[in-house]
Amino acid sequence: MSSEKREREHSRKMTLQQDNREAEEFASDVARCLASKNKYLSPKYLYDKIGSQLFEQICLQPEYYLTRIEASILNKHVPVISKLVGNNIEIIELGSGSSDKTAILLSHLSSQKKRIYYFPIDISSSILIESKRKLESQFPDVRINGIRSDYDTGIDRAATECMSIENSSNNNNNIPYTKLVLFLGSSIGNFEFKEAGALLRSVRKKLHTNDFLLIGFDLQKDESVLNAAYNDKAGMTAKFNLNLLARINRELDGNFELGKFEHRAYYCRERRRIEMHLVSKTDQQLYIGALGRIFALKKGESIHTENSYKYSFDQISALAEDCGFTVEKNFIDKKRWFDLALLSPS
Ligand code: AVI
């Protein structure tokens, strides 16, 4: 077998192993969730292939201002960012999704004839394949290497790739590279504060002093704007939320009837977060074939599927400082609804 073929076979086996591990983790998390009094499932399970497509639809809804505003901030400030990062850049993106916003950055950087490597990290392989295909035809000079993984493993793998680029014999001029880690879309808001800190600290460990982290934060604002953003009129967020039950049916042989659940999303003032729930409309019993178990749900009982924290500037600088970063710049929109913060290692 040629070494190339061997490598392909090895990576196929690794992907299969990873798929199996993820399927087992999903099954055991669903079992734990449905058996507990306070039913909570990690929001990462919202993003199977269908969930990721539905999220792309959410981003197009008029009430969901986050994507639009972040893109406009990026468009406005891309020249400043481009100047700061120099001519040789390794972009690592956590949760890259469609990479639509990253295309704004790539378009500007590549027009400046910079040398760019791009490592999008996402848990959905289909979305990685699709976005790589699209970006490669748009930006033929950008070298793209998609990493299907969760954030922690993904950042490790991307940093290893960067090291091999910097140390390779092709880099015989010892060109210095700047790493630019992107964490867009306010995905940090879906983490509890402790987890958010752990993630930023692990990013910090991979960066040198001249590298950057560009991270989107959804800011605290009028409750009515927030409630509308998570209850869009077209019902996309509801579909996205309910798809979690459909996913359990598909992957774990469950018998959830989606019509017996209601999407509920509301701003919790005390915790400064949007909470997303699936609320049972009736007393019901659920059978999950893959677990061989029956679970009971009472009328009004909820499965908590996501939190989306809304930040203040004080919280942003405290988080940055706590994790070894300095806030270089807060790029914000006129309404002060969204902050694209540029952090550098302190
Ligand atoms: C990915 N994340 C930042 C979205 C959010 O706004 O918290 C996920 C989402 N959930 C419902 N709508 C959008």
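Note that the range 273-287 has calculated 3J(HN,Hα) couplings of 8, 7, 10, 10, 9, 10, 9, 6, 7, 9, 5, 8, 10, 10, 10 Hz, one per residue in order, obtained from phi through the Karplus relation 6.51 cos²θ - 1.76 cosθ + 1.60 (θ = phi - 60°); glycine and proline are x.
Length, then width, then depth: along the principal axes, the Cα atoms of the range 104-148 run 31, 15, 15 Å. Per-residue Karplus couplings for the range 19-28, computed as 6.51 cos²θ - 1.76 cosθ + 1.60 with θ equal to phi - 60°, are listed in order as 4, 5, 4, 5, 5, 5, 5, 4, 4, 6 Hz, Gly and Pro entered as x.
With a/c under 1.5 counting as rounded, go ahead and sort the range 132-183 into rounded, prolate or oblate using the C-alpha gyration tensor (a ≥ b ≥ c being the square roots of the eigenvalues; past the cut-off, prolate if a/b is larger than b/c, else oblate). It is oblate, given that a/c is not under 1.5 and a/b is not larger than b/c. Just the protein heavy atoms count here, and of the accessible area of the chain at 1.4 Å, carbon and sulfur take up 49 percent.
The alpha-carbon atoms of the range 180-278, seen along their principal axes, cover 53, 37, 24 angstrom, with the largest extent given first.
Computed on the chain, with alpha-carbon pairs under 8 angstrom and 6+ residues apart, the relative contact order is 19 percent. Around the amide H of residue 329, modelled in the peptide plane, lie the amide H atoms of 342, all under 5 Å away and 5 or more residues distant in sequence or on another chain. Counted over the chain, the DSSP beta bridges are approximately 60% antiparallel.
Oblate is the label for the chain, because the ratio a/c of its alpha-carbon gyration tensor axes (a ≥ b ≥ c) is 1.5 or higher and a/b is not greater than b/c. The alpha carbons of the range 56-120 stretch over 38, 23, 16 Å along the principal axes, in descending order. Taking the centroid of alpha carbons for each part, the range 268-307 and the range 97-124 are 38 Å apart.
Please list the non-local residues whose amide H lies under 5 Å from the amide H of residue 178, H modeled 1.01 Å from N, same-chain partners needing a gap of 5 or more. The answer is 88, 89, 90.
Summed over qualifying helices (DSSP H, 4 residues or more, each -39500 (n - 2.57)) and divided by its residue number, the chain shows a 222 nm mean residue ellipticity of -14500 deg cm²/dmol. Peptides 247-255, 22-30, 40-48 ranked from most to least packed, by the mean per-residue count of other Cβ atoms within 10 Å: 40-48, 247-255, 22-30. Residues of the range 45-119: accessible area per residue at 1.4 Å, in Å²? Per residue, the range 45-119 has an accessible area of 39 Å².
The Cα-based radius of gyration and maximum Cα-Cα distance (Dmax) for the range 26-181 are 17.9, 61 Å. The mean accessible area for residues of the range 142-214, using a 1.4 Å probe and ignoring ligands and nucleic acids, is 48 Å² per residue. The Cα center of the range 171-245 and the Cα center of the range 1-75 differ in position by 14 Å.
The values are calculated or read from the model by the stated rules, or taken from the named source; none is laboratory data. Source: prediction; values computed, not measured. Using ideal geometry, Cβ is built from the backbone for each residue, glycine included, and neighbour counts are taken over all protein chains shown. In case anyone asks, the SASA skips ligands and DNA or RNA and just uses the protein heavy atoms, side chains included. Shrake-Rupley method; radii C 1.70, N 1.55, O 1.52, S 1.80 Å.
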